[in-house]
1. Can you give the FRET efficiency to the nearest 0.05 for E457 and E200, using r as the Cβ-Cβ distance and R₀ = 41 Å?
2. With a/c under 1.5 counting as rounded, go ahead and sort the range 1-115 into rounded, prolate or oblate using the C-alpha gyration tensor (a ≥ b ≥ c being the square roots of the eigenvalues; past the cut-off, prolate if a/b is larger than b/c, else oblate).
3. Quick one: give the max-minus-min coordinate of the C-alpha atoms of the range 334-374 along each principal axis, largest first, in Å.
4. Cut-off 19 Å, label point 7 angstrom out along Cα-to-Cβ of K210: give me the residues of the range 241-269 whose amide nitrogen falls inside.
5. Using only Cα positions of the range 54-153, each an equal point scatterer, no hydration layer, compute I(q)/I(0) via Debye at q = 0.21, 0.23 Å⁻¹ and quote the log10 values to two decimals.
6. With 27 Å as the limit, write out which pairs from K201/K298; K210/K298; K342/K497 have Cα-Cα distances beyond it, or answer none.
7. Any chance you could run the full-extension gain for S70 through F333? It's 0.36 nm times the residue separation minus the Cα-Cα distance, nm to one decimal.
8. How compact is the range 12-71 by the rule of thumb for globular proteins, expressed as Cα Rg over 2.2 N^0.38 Å?
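Where a number appears in this text, it was derived from the coordinates with a stated rule and is not lab data. This is a predicted model, so every value here is computed, not measured. Glycine gets a Cβ as well: all are built from the backbone with ideal geometry, and neighbour counts include every protein chain shown.
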Amino acid sequence: MFRQAKWSEPLIFELGYEGRRGYIPPRVDDEVKSVVGDVLARIPENLRRKELNLPQLSEVEVVRHYTRLSEMNYGVDSGVYPLGSCTMKYNPKVNEELASLDSVAYVHPLQDESTIQGSLRLMYMVEKWLAEITGMYRFTLQPAAGAHGEYVGCLIIRAYHKFRGEGFRDEMIIPDSAHGTNPASAAMAGFKVVVVPSDEKGCVDLKALKSAVSERTAGLMLTNPNTLGIFEENIVEIAEVIHDVGGLLYYDGANLNGILGIVRPGDMGFDIVHLNLHKTFSTPHGGGGPGSGPIGVKEKLEPFLPVPVVEFDGKRYYLNYDRPLSIGKVRSFYGNFAVIVKAAAYILSMGAQGLRAAAELSTVNTNYFLKCMSNVKGYSLPYDPGKPRKHECVLSAEPMERETGVRALDVAKALLDRGLHAPTMYFPLIVKEALMIEFTDTETKENIDAYVKVLKEISDEAYSNPSTVKSSPRNTSVGRLDDVKANHPRFLVPSWKVYMRRLKGAGG
Ligand SMILES: Cc1ncc(COP(=O)(O)O)c(C=O)c1O
């Protein structure tokens, strides 16, 4: 269960007692005093702190305070985390161990190349493995997240068309089931977004696609399996439609976990892919990063990759900036190196068979869950309910909403009350009252059973006493937040001083 903590949980500044101590620093000798004095003398008078009001606490109070705070958090290490589209799989601790080795943690991007041959080799190898896994020619590891990869991919598409004298191609086709970052990235890269609808099976409507393409088509952005967890079976025909008019296919790799080691985007006809190392390749994810969204391209797009690229001349690894057609630099230095190391550790420890098993298990977990949910009142499975899903599925709480007034949002809050993390909600936009659930390959059957039991319990409560569900959560640190204020910087309380002032009613 979540800790039953409330806003009244004290700050460390509200704890303690004058004169109480947890640590007595060693006496400072005269030599140190004179060095510190010299340093202090260089700090301008107006910048010197005149007093330091630290709370006075014993060691046990400090330990208890921070332990209490850590218990208020929830993560993949605490329990089920079935955020659809986020692939919140277990993050093996060996990855963390390797990423915190001195040779990784302390390597500096401005070091001479001769001193970082190991790091360059690792990047070179990861690039090759990702190319093999996806069926691409070459990768760059620089983009910092999936959305950044999309943006870089769109810049490459633009550069490619321009180079061929087809700069007039200014339309990017995107299905209505796509993640919001797809149209945002395309628009940022200067494209006009053309939306194609999904058909009754939840796949790209081929007829609509055919009538959307033209000589202005720059490309199509697609994720497969799509955000409903459905594999786009017409992918080869979709690729033909786009290629026939001179466009390129962009693969949003956020859902690669559903097909890893089984089928490759490159073989489906995609020209560019991004991968979310922080999803499929097991880096911790959430709270804003750090992530990594490498992109891979087919051979014809290789000259446009951002600089630098890691090369090997048979003797040494080096960074090559001499690439006249490159779109240029997209990130400081060479990407989030620690995340790349974690992906390397993951790929090596899983091996080819293990990666394939991850896709198979994630698919088995989804379909087992769906089977268990098939008779639970209030939830439906829109779009071709008889069709198996891949790594994730999207239930709709629309029947429950219609019959009891309890919405997907209420179900999510009621899950929190029972100590479980909520699924992704209200996405994809083509499903009303969407609950998008992804257990990933690392969840156990017992935990899926427990999740089903709770969803059923919430359904029973919705039909017997809807107001209880609608007034949840009651057991969490905070109750229902104002969705707008909770996301607005004006209402954030970033420092304890502001918090204390607000507490005392002095405003922020
Ligand atoms: C389908 C899909 N595409 C793209 C993205 C964007 O990836 P990132 O969050 O790494 O920017 C996500 C993220 O959840 C996603 O689910």
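1. Taking R0 as 41 Å, the efficiency between E457 and E200 is 0.80.
2. Since a/c reaches 1.5 but b/c is at least a/b, the shape of the range 1-115 is classed as oblate.
3. Principal axes ranked by extent give 47, 21, 11 Å for the Cα atoms.
4. 241-247
5. -1.25, -1.30
6. Check vs 27 Å cut-off fails for K201/K298; K342/K497.
7. The S70-F333 span can extend by a further 91.4 nm.
8. Scaled against compact globular proteins, the figure is 1.54.
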